[in-house]
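Read through the structure below, which is laid out as structure tokens, and then see the notes.
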Amino acid sequence: MTQKELHNQRLLREAEKAVMQMHTRRHFIRESAMGLGGVAMAALFGCGPKKSPASQVLFDPAHPLMPKMPPFPGKAKSVIYLHMAGAPSQLELFDYKPELMKMDGQDCPQSLLEGKRFAFIRGVPKMLGPQAKFAQHGQSGAWVSENMPHLASIADELCFIKSCSTDQFNHAPAQLLVHTGTPRLGRPSIGSWVTYGLGTENQNLPGFVVLTSGGRNPDAGKSVWGSGFLPSVYQGVQCRSEGDPVLFLNDPDGMSRDLRKASIDAINQVNAEEYKEYNDPEILSRISQYEMAYKMQISVPEVMNINDEPKYIHDMYGTKPGESCFANNVLLARKLVEKGVRFVQLFDWGWDSHGTDASLAIDLGFINKCRQVDKCITALILDLKQRGLLEETLIVWGGEFGRTPMQENREGKKMPYKGRDHHTEAFTIWMAGAGIRKGHSYGETDEIGYSAISGKVEPFDIQATILNQLGFDHEKLTYPFQGRPFRLTDTRGKVIDEIIA
Amino acid sequence: MLLTITEFLGHFHPLIVHLPIGILLIGLLLQYLSRKEKYTAFKPAIPLVLLLGTISAFISCITGYLLSMTDDYDESLVSWHMWMGISVALVSFMLYAKEKNPEFAINKKLLALGLFVLVMITGHLGGSLTHGSDYVTKPLKNIFSGDSDIAVSAIKPIPNVQEAAAYSDVIKPILETKCYSCHGANKQKGGLRMDDSLKLMKGGKDGNVIEAGDADASEMIKRLMLPVDNDDHMPPKEKSQPTEQQIALLHWWISNGAAFDKKVKQLPQDDKIKPSLLALQKAAVIKIESSFIPKTPVAEADQKVVAQLRESGVVILPVAQNSNYLMASFVTDTIIGKEDIALLQQIKDQLLWLKLSDTNLSDEQLAGVGQLANLTKLNIAGTNITDKGLTQLQSLQQLQYLNIVNTKISSAGLMQLTSLKKLESLYIYKTNTATTDYASLKTTFPKTTIDTGGYEVPTLATDTTLVKEKKTY
């Protein structure tokens, strides 16, 4: 290649480049004229993001848990959510179905099986009549089975919702749906939403406390009290129900409280410098969490200690100090609420009555589970009542789904014990206190308790109702994430007005 | 037979009508441009374009007339549209004639301008007939009112559905959004006009649409219930359909006599209709009416005082957003500071709820609390107060909730509070009141629910035993 050819080639390249530059610039301007025009149009016609006071972020990174006022005066100041993980059978507790007894042992009609999916039932199962005796209780005449004799005695304080339904028939997704509004991971739990929206009154204690019993965490794991995309300060604080409620609460040997304070101050100072540099609000949350941890060293042992409670209270709840049990957690829940904790979440594992062994049999282990919770829950309601706190404390009891009117036949075989499979179409939860109608039953299931025939509600409706009692419009409590405001009930949810007094 | 052919031809009107609009406007444009030297080449085309425009205008007139005979539109609007349309055809013909024969003694510019105006007016009137007269301006209204939701549903939420008028608040909005566009002031398809109660009950060409008291026999309900694909289904498939709830409401209203002057609460409601009715008020902001909050508004509290209290660890908040009333709680800081009670007195107009439970509250401080005249809720449980201090609360005339659980108060002390006429709930668990006094307390406070507590949950044999499997050998 000669010098000249090379030269020409270079000239050509330069010319091409110039043309391309011209072209792209023009192209760009032309495109942007249209594009900008479109954007301008959209803005003119009101398609752009709206800034309304309702969608404001309630998060103040420096004081994330400062108490806030609700949008309208709520009846409830605190919530105690009692979750029976594994899903208790509504057919042996509150949903009395004499017709089902008549079908006991018969083959399940095809009409109930067609197009349905079950977790374990295969082929044609047999129907299983109610395995408990029922009676009507209180002036309201609520049906409660012999499995919960104590609760039956205060039926007039409760409001049963017998027409609950869900669309998840496995524990983990169903629990997530109940507590976070979606069967998938990643959304904030209801306690997180509530502490995000309301903060908490007692600045020395966490706003959202979680206690578990039954030997296992719920199947969905800690995500059921996670904070999802909300700032992490709103996630549930799980306290141990045996030994120290929070590990490393006591000052280690040779470490004085002053020294501890000094070291926390130093850490916070470093974090504050860090915040100045990066402006990440999570750093401020971290600072406030350190301060909270320091304060909790004094406040938590006091409030989390049930040993100081008088004997008659222990007798009332049936607590066993020193052990890890549901009754202890229930008593703790009362103490926490009394001290201004916003949301207390109790999970009790062991309600998954499939009939695979005696502890999961509907006529054996299930009854024992009932005996573990019946007395203490009754005591909780009465204790809150006599302390004048039931008016402002909402109690919710329930599982993540119901159980089938059919006897489970895992792998199509007869099971060694009587049990019921997971069931999505009907289950019962109840609420009490904080402006909920007393002595009322809402919704109905069909003759055999297979599906809800009136007043059908979804987990979203329960969530909407809980938020309503706390003073929120569930459609307005939002947090911006991934370009749109999210809320607990997302696109669903209707407050169940009929159960509000 | 003839009628069907007429109808068939008439239905071409909406199609053909666009031809004269386009062609005539192009003719006018060419005419305007051709005056410039650069575009003189257009000149020969102008007469042809105008002729085509004129012909299509005449055809539009004919098909339009046929259409107006078969469908029921607002008479005056139709007649205006018709005469304007005829004028368009005539004027465009005149313009064509002028182009062909320039000696015609008419001002061409005036003629062209007139034609342009006529085309616009006729077109607009035509649009009003099919889409309603506010079709163009409605989106603008929404933009300016800043509420795009109106475009989605014109049905406004009802604050209290039971007090609402059954027809004008519940039924009419449904008809307005789903029916009026074809059976309203502008158009009365099938001779039916629904925006007027008398005309609605009179029905259309084929008779009544509403049989008061018998919804199932009413043509309106029948048509609503037909499958969407059925030709008689109303509203027509391509229009927006009412929801099931809306149909249920219409059914309910007709079944109960289709009255125009009754309130919702005056009509019988069964369990099925209740949710649909309630749903109407759902969209509205449900405000929990709280008897603990006075209805009369109050001025904002001195923010300096509020800040000072907060500084000393008191939780102090408005009872709700947009309310100046306050609640205060000493739950975090259980030691009442020297200044605290005095500060609370400075915001006594606003302070409604006060929680002093488990604090070091003394009788002396309680005297200060007794001056917080607007208090509706007071919790002094677990404090060291005595009967002497309690006397100070006599002046709390608004008090509805009083919690003295776990204090040294006796029945004698409580008897001093008979002046609290509004007291609704009184919690006296673990006080020095004797069980024998409960009866007399009940008679002293007849309107008050007194919770004496001391509930017991007896331990049953089953509570501590386990059910075990019966072994069979």
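For B:Ser60, state whether it is part of a helix (DSSP H, G or I), in contact with a Gly (Cβ under 9 Å, 6 or more places away or on another chain), at pLDDT below 90 and surrounded by 14 or more Cβ atoms within 10 Å (Cβ to Cβ). For B:Ser60, the condition - part of a helix (DSSP H, G or I), in contact with a Gly (Cβ under 9 Å, 6 or more places away or on another chain), at pLDDT below 90 and surrounded by 14 or more Cβ atoms within 10 Å (Cβ to Cβ) - is not met.
Inspect region A:323-341 for any residue being small (Gly, Ala, Ser), surrounded by fewer than 21 Cβ atoms within 10 Å (Cβ to Cβ) and not in a loop (DSSP other than H, G, I, E, B) and give the result as yes or no. Checked region A:323-341: no residue is small (Gly, Ala, Ser), surrounded by fewer than 21 Cβ atoms within 10 Å (Cβ to Cβ) and not in a loop (DSSP other than H, G, I, E, B). Among residues of region B:224-249 that are at negative phi, those with a Cβ under 7 angstrom from a residue that is of a type in the set (Ser, Thr, Tyr), sequence gap 6+ or separate chain, pair up as B:Gln245/B:Ser276; B:Ala248/B:Ser276; B:Leu249/B:Ser276. The number of residues in region A:373-415 being part of a loop (DSSP other than H, G, I, E, B) and either more than 10 Å from every other protein chain (Cβ to nearest Cβ) or without any contact (Cβ under 8 Å) to a residue 40 or more places away in the chain (or both) comes to 11. Scanning region B:186-218 for residues that are in contact with a strand residue (DSSP E or B) (Cβ under 7 Å, 6 or more places away or on another chain), of a type in the set (D, E, K, R) and in contact (Cβ under 8 Å) with a residue 12 or more places away in the chain gives B:Lys187, B:Lys189.
Which helices (runs of 4 or more DSSP H) sit wholly inside region B:303-371 and have at least 2 residues that are farther than 24 Å from B:Gly389 by Cβ?
B:303-311
For region A:203-236, filtered to residues that are buried (at least 24 other Cβ atoms within 10 Å of the Cβ) and within 14 Å of chain B (Cβ to nearest Cβ), the residue that is nearest to A:Phe343 (Cα to Cα) is A:Gly207. Residues of region B:451-468 that are outside any helix (DSSP H, G or I), of a type outside the set (Val, Ile, Thr) and surrounded by 13 or more Cβ atoms within 10 Å (Cβ to Cβ): B:Asp451, B:Gly453, B:Tyr455, B:Leu460.
Here is a yes/no grid of residues against (1) polar (S, T, N, Q); (2) at pLDDT below 85; (3) buried (at least 16 other Cβ atoms within 10 Å of the Cβ); (4) out of contact with any Asp or Glu (no Cβ under 9 Å at 6 or more places or on another chain):
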site	(1), (2), (3), (4)
B:Leu226	no, no, no, no
B:Asp229	no, yes, no, yes
B:Pro235	no, no, yes, yes
B:Pro242	no, yes, yes, yes
B:Leu249	no, no, yes, yes
B:Ile254	no, no, yes, no
B:Gly257	no, no, no, yes
B:Lys262	no, yes, no, yes
B:Lys265	no, yes, no, no
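Contact map, region A:74-89: residues that are more than 14 Å from chain B (Cβ to nearest Cβ) and under 14 Å from A:Val210 (Cα atoms) paired with residues that are open to solvent by 10 Å² or more (accessible area, probe 1.4 Å) and aromatic (Phe, Trp, Tyr), Cβ distance under 7 Å, separation 6+ or inter-chain. Pairs shown: A:Ala85/A:Trp349. All conditions but one from (1) surrounded by 14 or more Cβ atoms within 10 Å (Cβ to Cβ); (2) on the phi > 0 side of the Ramachandran plot apply to B:Asn322; the one that does not is (1). State the number of residues belonging to region A:466-489 that are more than 11 Å from every other protein chain (Cβ to nearest Cβ) and open to solvent by less than 30 Å² (accessible area, probe 1.4 Å). Count: 7.
Residues that are touching a residue at least 12 places away in the same chain (Cβ under 8 Å), at the interface with another protein chain (Cβ under 10 Å from one of its Cβ atoms) and in a helix (DSSP H, G or I) within region A:355-370 comprise A:Ala358, A:Gly365, A:Phe366, A:Ile367, A:Cys370, listed in sequence order. Can you go through B:Leu200, B:Leu192 and tell me which one is more than 25 Å from the chain's Cα centre (by Cα), at pLDDT 85 or above and open to solvent by less than 60 Å² (accessible area, probe 1.4 Å)? B:Leu192 is the lone residue from the list that is more than 25 Å from the chain's Cα centre (by Cα), at pLDDT 85 or above and open to solvent by less than 60 Å² (accessible area, probe 1.4 Å). Looking only at region B:431-450, residues that are surrounded by 19 or more Cβ atoms within 10 Å (Cβ to Cβ) and of a type in the set (D, E, K, R) come to 0 in all.
The values are calculated or read from the model by the stated rules, or taken from the named source; none is laboratory data. From a predicted model like this one, the values you see are computed outputs, not experimental measurements. Methodologically, a virtual Cβ is constructed for each residue, glycine included, from the backbone with ideal geometry; neighbour enumeration extends over all protein chains shown. These area figures cover heavy atoms from the full protein model, side chains too; ligands, DNA and RNA do not enter into them. Shrake-Rupley method; radii C 1.70, N 1.55, O 1.52, S 1.80 Å.
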